Amino acid sequence: MGSGGQADNADSENKQNTLMSLSVYSPERFMLEAYKQAQLAFEKGEIPIGAVVVANNRIIARAHNQVELLNDATAHAEMLAITAAAEYLGNKYLKDCTMYVTLEPCVMCAGALHWAQIGTIYYGASDLKRGFTMISNNLLHPKTKVNTGIMAEECQALLEGFFTKLRNE
Ligand SMILES: [Zn+2]
């Protein structure tokens, strides 16, 4: 907020540059790709949340929140990424896939990830209001592994920046 905003941005840019040099196949690298999707959402006036789905160390789906564009309250990044990944694989189950998403999935998306039987989830920032863990970790498929915290600060800062901008417009 205010004059602090620019310093924060410069700081997160430095962190991004550090992450750029990491291994192509590291979780940090894939989370950065999800973060880039969130940035795209930001630029388009969507709440900045991004997701990618990875199979065999390859990104098979990228998506960002498109609630405004599609005029669809269910068009969360995860939902769009699940559909795109399933289409790519020709398989409704994503058992061998990993989803990287910048924010903890909501209850709806956790439910969808359950039905897709996603293998692993990495999420960046926690969502203390709408995150599925507020309700129950059991919303996910029992075999789904969950990891948290990669780029959490950056993902959170992007969201905060978005809502600050919204309030000032
Ligand atoms: Zn959601």
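Just so it is clear, none of the values below were taken in a lab; they were calculated from the coordinates. Quick caveat, the model's predicted, so the values are computed rather than measured. Using ideal geometry, Cβ is built from the backbone for each residue, glycine included, and neighbour counts are taken over all protein chains shown.
Could you state the number of Å between the C-alpha centres of the stretch 110-133 and the stretch 139-169?
11
How much of the calculated P(r) for the chain lies past 23 Å, in percent of all Cα pairs?
35
Any of K129/K165; K95/K129; K44/K95 with alpha carbons more than 25 Å apart? Name them for me.
K95/K129; K44/K95, as the Cα separations exceed 25 Å there.
Can you tell me the 0 to 90 degree angle between the C-alpha axis of helix 77-89 and the longest principal axis of the chain, rounded to 10?
40
What net charge do the residues around R62 carry, taking every other residue with its C-beta under 9 Å from that of R62, with Lys and Arg at +1 and Asp and Glu at -1?
Net local charge, R62 excluded: 0.
Which net charge results when you count Lys and Arg as +1 and Asp and Glu as -1 among the other residues whose beta-carbon is under 15 Å from that of D72?
-2
Under the rule of -39500 (n - 2.57) per DSSP H run of 4 or more residues, summed and divided by the residues of the chain, what mean residue ellipticity at 222 nm is obtained, to the nearest 500 deg cm²/dmol?
Result for the chain: -14500 deg cm²/dmol, rounded to the nearest 500.
Which net charge results for the neighbourhood of Q39, defined as the other residues with beta-carbon distances under 11 angstrom from its beta-carbon, given Lys and Arg at +1 and Asp and Glu at -1?
Net charge around Q39: -2.
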